[in-house]
1. Roughly how many debye, to the nearest 20, is the charge dipole of the chain about its Cα centre, given +1 on each Lys and Arg Cβ, -1 on each Asp and Glu Cβ, and no other charges?
2. Decide, for segment 6-91, between rounded, prolate and oblate: order the square roots of the alpha carbon gyration tensor eigenvalues as a ≥ b ≥ c, take rounded if a/c falls under 1.5, and otherwise choose prolate if a/b is larger than b/c, else oblate.
3. Once amide H atoms are built 1.01 Å from N in the peptide plane, which residues 5 or more positions from V81, or in another chain, come under 5 Å H to H?
4. Give me the Debye-computed log₁₀ of I(q)/I(0) at q = 0.14 Å⁻¹ for the chain, equal point scatterers on Cα only, no solvent, two decimals.
5. Quick test of the membrane-span-like rule: which DSSP H helices of the chain reach at least 30 Å along their long axis (C-alpha atoms) with mean Kyte hydropathy at least 0.5?
6. Among 58-71, 148-161, how do they line up by average Cβ neighbours within 10 Å per residue, starting with the highest?
7. Report, in whole Å, the centroid distance computed from the Cα atoms of segment 46-84 and segment 124-158.
8. If we count every other residue with Cβ under 13 angstrom of R62's Cβ, Lys/Arg +1 and Asp/Glu -1, where does the sum land?
Amino acid sequence: MPARDERSFGQALAVIQRVVAERNDRPSLVSRIACEIGAEIVEGLRAPGDDLNSVELSRRYRTSRTPIREALMLLEKEGLVDVPPRRRPRVAALAIDEVREIYRARAALFELIAADVARDASDADIASLRPLLERMELAYRHGDLNAYVWANVEFYDRNTQIANNRTIKRILDSLLLKTLRFRRLSLSQPGRMQKSYDDHIRLMRAYEDRDSNLAAALIRSNHINALASLEACLAPKTSSARQTSR
């Protein structure tokens with residue numbers, strides 16, 4: 001397994017612990033195993049399709065295979081693991097059709113959030129986004145993908161908190177762990193971090209100008225650009241040349 005960035009791993013672990021605590025009532029050992037394996041998947045330390053050997057994991061956690069199976073089933077519910085019948089569990093693949101569905105849904109939901117923030121948020125709430133944008137800038141300037149990803153996560157979380165739409169938050173939280181995998185992959189593509197940062201600068205100006213239509217359009221555009229980056233990375237390559245029959 002690749003070496004991990006302890007700070008970034010800790011942030012991934014904290015997010016997964018929150019999700020697991022909110023949506024599952026499992027023994028502490030099962031939750032701990034699920035959270036640690038989930039963080040490894042989100043951080044890209046376990047690649048799509050990698051086997052998850054329950055015997056090896058049992059040795060690692062010094063437990064029987066039953067808590068391991070329960071932890072992997074918990075992660076299956078979150079879309080991070082596949083547990084096929086009579087086959088070894090594995091890290092879930094990144095399916096392009098699912099990526100499209102999730103990003104289009106997020107684009108529509110964040111359009112509503114951005115419009116609400118620009119129109120209704122207090123000046124103090126909008127100002128609270130500025131330090132997160134500054135962290136994104138610092139990470140971008142230093143080429144620090146992990147720091148940029150987590151500043152970006154916090155920026156969007158803060159938008160959701162400001163908008164205070166509990167229904168939208170519940171839907172977004174249900175997609176959160178899958179989205180974290182996609183976001184890291186998207187932002188790792190050449191030029192994508194700079195484009196993302198530039199988009200967020202424009203979004204911040206739209207908020208400060210109270211331009212709800214522009215804010216909604218910009219946040220949608222950012223999601224569509226991220227989707228295009230993922231499509232280029234994940235979609236199967238097709239040959240433009242056709243065979244001719246003779």
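Every read-out reported here was derived from the displayed coordinates using simple, explicitly stated rules and does not represent laboratory data. If you're wondering where the values come from, they're calculated on a predicted model, not measured in any experiment. Heads up, the Cβs are rebuilt from the backbone with ideal geometry, glycines too, and the neighbour counts pull from every protein chain shown.
1. Details: 41 positive and 34 negative charges, 215 e Å.
Using only the charged Cβ atoms, the result is roughly 1040 debye.
2. Numbers: a/c = 1.43, a/b = 1.22, b/c = 1.17.
Rounded.
3. HN-HN under 5 Å from V81: E76, A92.
4. Treating every Cα as an identical point scatterer, log10 I(q)/I(0) equals -0.96.
5. Values: long enough: 96-120 (35 Å, 0.11); 212-234 (33 Å, 0.75).
Span-like helices, by this rule, are 212-234.
6. Highest-to-lowest ranking by the protection proxy: 148-161, 58-71.
7. Segment 46-84 and segment 124-158 have Cα centres separated by 32 Å.
8. Numbers: positive: R32, R59, R60, R65; negative: E56.
In short, +3.
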